[in-house]
Amino acid sequence: MKPTIQKLIHWAGQAIKGLDFISPSVDLIARVWIARVFWLSGMTKISSWDTTLSLFEEEYQVPLLSPELAAVLATSVELAGATLLAIGLGSRAAATALFILNIVAAISYPDLSEAGLKDHYYWGLFLAFFIVHGAGKLSFDQLIRRKFM
């Protein structure tokens, strides 16, 4: 091989090592970022429960559930799911619950703007990544896996 190609292969290998090194941190940052979206939504709901119930009764059209039950479930999934995803504990289950909630939220609010719908797409994409990929190396899931599996 020519020396130039060998240098390129060497530098590519170094770049890959660098990306492998920072990958767990990027996973953690992405988990915390998406968890924050749902955490803040849940906190908004509990900060004004009467308003939340009113929105679920009059604005959101959640199928098959009473407005009260839908409000409680949505708030619980947002807060618990966000917490679990952020710390990486049961992260695939948490991401799945948030993914389903995200879909229901997007379809049950008829006045959702195009920009708001795009946000839901992005959140769904991040959540789908964690459903498939898992939480990554900087997570309680990984600690449990190393210790017991």
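The values are calculated or read from the model by the stated rules, or taken from the named source; none is laboratory data. Computed from a prediction, not measured in an experiment: that's the story for all the values here. Here Cβ is always computed from backbone atoms with ideal geometry, including for glycine, and neighbour counts include all displayed protein chains.
Just one of the numbered conditions (1) more than 22 Å from HIS120 (Cβ to Cβ); (2) in a helix (DSSP H, G or I); (3) touching a residue at least 24 places away in the same chain (Cβ under 8 Å); (4) in contact with an Asp or Glu (Cβ under 9 Å, 6 or more places away or on another chain) is not true of GLU68: (3). In the set ILE46, ILE87, only one residue is closer than 24 Å to VAL132 by Cα and modelled with pLDDT of 95 or more; that residue is ILE87. Residue count for region 50-65 under the criterion of being of a type outside the set (A, V, I, L, M), free of Cβ contacts under 8 Å to residues at least 12 places away in the same chain and more than 13 Å from TYR109 (Cα to Cα): the result is 3.
Conditions tested, residue by residue: (1) among the charged types (D, E, K, R); (2) in a helix (DSSP H, G or I).
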site	(1), (2)
PHE21	no, yes
LEU28	no, yes
ARG36	yes, yes
PRO63	no, no
LEU85	no, yes
ILE103	no, yes
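Under 30 Å from ASP111 (Cβ atoms) and exposed (fewer than 15 other Cβ atoms within 10 Å of the Cβ): does that describe ILE34? So ILE34 does not fit the description; no.
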